[in-house]
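Each value in this text was obtained by applying a stated rule to the coordinates, not by laboratory testing. Predicted model, so just to flag it, every value in this text is computed and none were measured. Here the Cβ positions follow ideal geometry from the backbone for every residue, glycine too, while neighbour counts run over all protein chains shown.
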Amino acid sequence: MAEEKKTKTSIPQFVNEVRSETRKVVWPTREETVRTAIFVFILMVILSLFFLGVDSGFNAIVNFLLRLA
């Protein structure tokens, strides 16, 4: 396959294309943004507690094994 030559895009053309693509974006509403932020916060707390438990469990196991030695 022959490679097609790429032409350089001028700055004004680039800016116009960016504006055109930005108009196509569906921006979330304020309610959706708040709901998503709350969900992320709750999930972060749950995962933090989970990993705290896993880390504490491994710490207890390692300390137990070290006391046996």
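Worth pointing out:
- On Cα atoms only, tilt of 11-24 relative to the major axis of the chain in degrees: 60
- Taking the chain as a Gaussian network of alpha-carbon nodes connected by springs under 10 Å, the highest mean-square fluctuation of the residues Ile38, Ile46, Ile11 belongs to Ile11.
- Electrostatic dipole magnitude of the chain [Cβ: Lys, Arg +1; Asp, Glu -1; Cα centre; debye, to 20]: 200
- Taking 15 Å as the straight-line reach from the Cα of Lys8, the aspartates and glutamates in range (excluding those fewer than 8 positions away in the same chain) are Glu17.
- Expressed in Å, the radius of gyration and Dmax of the Cα atoms of segment 1-61 are 23.9, 63.
- Residue-averaged 222 nm ellipticity for the chain, from DSSP H runs of 4+ at -39500 (n - 2.57), nearest 500: -27500 deg cm²/dmol
- Once exposed loop trypsin sites (Lys or Arg not before Pro) are cut out (DSSP; at most 13 other Cβ, 10 Å), longest piece of the chain: 9-69
- Selection from Val34, Leu66, Met44, by position along the positive dipole direction of the chain (Cβ): Val34
- Nearest 10 degrees, 0 to 90: helix 30-68 Cα axis against the chain principal axis: 40
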